[in-house]
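What follows is a short report on a single structure.
The values are calculated or read from the model by the stated rules, or taken from the named source; none is laboratory data. Treat the numbers as computed from the prediction; the structure is a model and nothing was measured. Note that each Cβ is placed from the backbone with ideal geometry, even for glycine, and that neighbours are counted across all protein chains shown.
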Amino acid sequence: MCGWLLTISLLLSSAQAQQRFITVASTTSTEQSGLFGHILPAFQKKTAIQVRVVALGTGQAFDLARRGDADVVFVHARGLEEKFVAEGHGVKRIPVMYNDFVLIGPQTDPARIGRQRDAAAALKAIESAQAAFVSRGDRSGTHTAELALWAQAGIDIAKQKGAWYRDTGQGMGPALNTASSMDAYILADRGTWLSFKNRGALAILVQGDQRLFNQYGVILVNPVRQPHVKQADAQAFIDWLVADDGQNAIGSFKINGEALFTPNATQAGA
Amino acid sequence: MNGLAAATTDALELLIAGDAKLFGIVGLSLEVSLSAVFLACVLGLPLGAAIAVGRFPGRRSVIVALNALMGLPPVVVGLLVYLMLSRAGPLGSMGLLFTPTAMIFAQTILVVPIVAALSRQVVEDAWQEFHEQLRSLGVTRMGASITLLWDLRFSLLTIVLAGFGRAAAEVGAVMIVGGNIDGVTRVMTTTIALETSKGDLPLALALGIVLVAVVLALNAGAYVIKEAAERRYG
Amino acid sequence: MMDAPSLLPLQLRDVVFVAGHRRIIDGITVEFAAGTRTLMVGPNGAGKSVLLRLCHGLLTPSSGRVAWNSTPATKAPGTPRRQAMVFQRPVMLRRSALANIVYALQAAGYPRAEHLDRAHAALQRVGLVSVARHSARVLSGGEQQRLALARAWAIEPEVLFLDEPTANLDPGATHEIEAVIEAMHQAGTKIIMVTHNLGQAHRMGDEILFIHRGRIAECSPAERFFKHPATSEAAEFINGELPW
């Protein structure tokens with residue numbers, strides 16, 4: 001079967017064979033917001049390296065990289081990123097940019113979470129009203145952030161969730177579609193929300209809380225563990241992302257005049 | 001239904017505008033699914049014919065298994081192929097993950113049971129009619145299966161189309177093994193899934209209409225060929 | 001072909017064929033010699049068609065032996081094939097009349113270079129040259145049966161088996177088929193044919209094999225069979241008193 005596969009791959013990949021490329025495991029939020037479509041052409045023009053983005057939840061993106069199927073991981077879950085590096089799968093975590101999460105809900109606001117800043121208090125109100133809440137439930141960065149928020153609200157969501165808490169196990173977009181169709185509350189990253197079109201009666205209710213800060217980091221997959229990792233090209237991409245060219249490209253990505261991500265590679269401790 | 005009417009208009013506009021990106025996606029869809037169907041026929045038609053005319057122990061079990069495999073969930077096939085082609089998997093060193101080749105491989109696995117099971121049925125029915133005559137002429141079972149495949153070529157066309165429909169319509173397998181990479185492995189169905197994720201339901205529906213139109217055109221063409229051929233050959 | 005030893009006579013010894021619990025052929029010993037036209041007759045379900053298939057090798061006897069000129073049928077030389085069979089319903093492939101004959105020649109093991117000439121000659125002999133390029137399956141029933149005979153004739157068989165070849169045809173087509181069979185006989189082919197049509201058996205038969213309940217009830221020259229049947233069953237059959 002190997003031979004057979006090789007034959008058809010040779011037959012079909014002639015067009016792609018010459019192309020220099022790296023594979024980046026990233027999150028649905030970055031892909032679906034349109035960020036990559038905005039910044040990658042500039043990188044490819046400069047270096048002739050094609051960046052192939054596979055968009056998954058953050059957890060799946062790490063799994064992919066652990067299996068050796070990606071050269072770079074570009075995600076948003078600092079704790080998981082540091083663990084990934086500590087376990088030796090990644091070389092080093094480098095901060096790139098941030099945006100923030102927003103708490104979205106129906107404009108009628110049945111749980112009366114109001115237009116406040118305190119995200120944890122808002123979640124508490126949703127829980128006590130037993131108002132419908134849609135969770136990603138897919139080990140993504142957004143899911144991880146949501147779980148942390150519940151903990152900060154003093155709620156053990158694993159034990160206290162009821163029929164009102166809908167665990168969808170889906171990407172950001174599908175989860176937003178679900179929330180939109182059932183007028184539920186949901187935690188979303190601002191980028192995906194801004195580019196999301198099927199909003200229905202949903203609107204941003206809570207934003208600006210420090211705890212809603214959403215930092216993105218980039219990691220080169222450890223070439224010692226995964227010898228086929230295209231180290232030079234992948235490093236070139238990472239270097240470009242955190243240098244002026246990349247940072248300016250990220251900052252210039254706007255939807256309806258609103259910037260989706262704020263570059264902060266130079267900021268210490270990000 | 002207003003949404004559908006609007007989506008149909010959008011679909012027409014997309015096609016008329018001749019968006020290069022859309023045509024690239026449609027082209028890759030066709031390339032992947034047609035290649036998969038071709039390979040599935042190369043494997044599945046002889047397999048189906050051999051089972052139809054063959055007599056061997058466990059034949060009934062093989063038929064039942066083959067029929068059941070027609071319902072193989074694309075996501076499961078996608079996962080299996082992913083685990084095989086992943087760097088950590090047995091064929092990882094070939095670096096085929098997230099390539100059109102991987103997608104063709106996965107769709108081939110999905111389509112082979114359809115082609116084999118349905119052609120087994122068609123060839124077996126014909127074998128009832130032909131087997132005395134063919135054996136009288138001194139034709140071996142092997143020879144008979146090849147003869148019948150050729151003789152039934154127009155009936156088998158319908159099976160090939162069923163296989164193509166399955167390949168072109170599935171999203172679960174190509175999403176996993178292709179990764180839906182923009183410009184590399186993004187096909188019609190994964191684009192539809194992506195636009196749905198972005199909440200752009202009208203665009204997703206319009207793309208769905210384009211997909212149906214492409215499949216419809218292929219089927220119409222095949223139907224005309226089949227009709228003409230049947231009038232000519234009886 | 002002439003140098004090869006003759007297939008005939010075809011010898012059956014104590015042949016039994018059992019399907020389920022029924023002994024369809026219940027111990028038949030007979031020898032078919034070259035040259036003559038043997039017609040098998042008998043009531044419905046007597047086992048005629050099964051016997052024909054046992055002779056041709058389409059069925060294998062449950063016990064007993066089938067041999068060609070003392071060589072067991074399983075070991076008889078197969079290439080080129082020197083026996084053919086024409087069925088009640090002609091079965092044609094979806095290709096031209098000519099291609100159907102070429103297919104048979106190829107299957108019989110004739111060299112490729114001879115295919116076209118032989119196929120054309122065969123079509124000529126049955127009067128179907130004008131439809132050589134037509135698809136075989138759109139020909140009329142009578143034409144298809146003549147094509148089946150041409151296909152059989154093309155391989156120049158020593159023996160031709162026929163299983164009620166005219167049962168589905170009108171009198172005109174039946175006449176044409178009988179003429180072709182007669183011509184094959186004249187050319188030296190041994191004819192072994194099952195028929196339901198006593199008139200046909202009378203017209204065409206040199207010898208009559210009367211099968212009854214899986215056994216040979218009577219085997220005699222046609223003239224004698226019809227005038228002085230030796231058994232009461234044969235007499236009843238000729239008079240139309242046994243169920244056909």
Per the list (1) charged (D, E, K, R); (2) crowded, with 21+ Cβ neighbours inside 10 Å; (3) assigned to a loop (DSSP other than H, G, I, E, B), residue check on C:Arg133 breaks on (2)
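When residues of the stretch B:137-170 are filtered for being within 14 Å of another protein chain (Cβ to nearest Cβ), surrounded by fewer than 19 Cβ atoms within 10 Å (Cβ to Cβ) and either in a helix (DSSP H, G or I) or touching a residue at least 40 places away in the same chain (Cβ under 8 Å) (or both), how many remain?
Selection size over the stretch B:137-170: 9.
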Looking only at the stretch B:186-206, decide whether some residue is surrounded by 22 or more Cβ atoms within 10 Å (Cβ to Cβ), part of a loop (DSSP other than H, G, I, E, B) and within 17 Å of the chain's Cα centre (by Cα).
-> yes
Residue check, A:Trp240 against (1) touching a residue at least 60 places away in the same chain (Cβ under 8 Å); (2) part of a helix (DSSP H, G or I); (3) within 14 Å of another protein chain (Cβ to nearest Cβ), all met but one. Which one?
-> (3)
Residue that is farthest from the chain's Cα centre (by Cα), among those in the stretch A:134-179 that are over 17 Å from B:Ser197 (Cα atoms) and among the β-branched types (Val, Ile, Thr) = A:Ile155
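Name the single residue, out of those in the stretch A:116-133 being assigned to a loop (DSSP other than H, G, I, E, B) and under 24 Å from the mean Cα position of the chain (by Cα), that is surrounded by the most Cβ atoms within 10 Å (Cβ to Cβ). Show your work before the answer.
As a first pass, look at the stretch A:116-133 and keep what is assigned to a loop (DSSP other than H, G, I, E, B): A:116-118, A:130-132.
Add one more test, that the residue is under 24 Å from the mean Cα position of the chain (by Cα), and what stays is A:117-118, A:132.
Details: A:Arg117: 14, A:Asp118: 17, A:Ala132: 21.
If we take residues in the stretch A:116-133 being assigned to a loop (DSSP other than H, G, I, E, B) and under 24 Å from the mean Cα position of the chain (by Cα), then A:Ala132 is surrounded by the most Cβ atoms within 10 Å (Cβ to Cβ).
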Could you check, for the stretch B:106-119, whether at least one of its residues is farther than 29 Å from B:Leu28 by Cα and either at the interface with chain C (Cβ under 10 Å from one of its Cβ atoms) or at pLDDT 95 or above (or both)?
-> no
So which pairs qualify, if the first residue must be in the stretch B:81-103 and farther than 13 Å from B:Val177 by Cβ and of a type in the set (Lys, Arg), the second must be outside any loop (DSSP other than H, G, I, E, B) and modelled with pLDDT under 90, the Cβ gap must be under 9 Å, and the two must be at least 6 apart or on different chains?
-> B:Arg87/B:Ser93
Checked against (1) within 14 Å of chain A (Cβ to nearest Cβ); (2) closer than 30 Å to C:Tyr110 by Cβ; (3) among the basic types (Lys, Arg), B:Arg186 satisfies every condition except (2)
Can you work out which of the residues in the stretch A:163-183 that are touching a residue at least 60 places away in the same chain (Cβ under 8 Å) and over 23 Å from A:Ala129 (Cα atoms) is farthest from the other protein chains (Cβ to nearest Cβ)?
-> A:Met172
Could you grab me the full set of residues in the stretch C:46-83 that are more than 14 Å from every other protein chain (Cβ to nearest Cβ), buried (at least 16 other Cβ atoms within 10 Å of the Cβ) and in a loop (DSSP other than H, G, I, E, B)?
-> C:Ala46, C:Gly47, C:Pro61
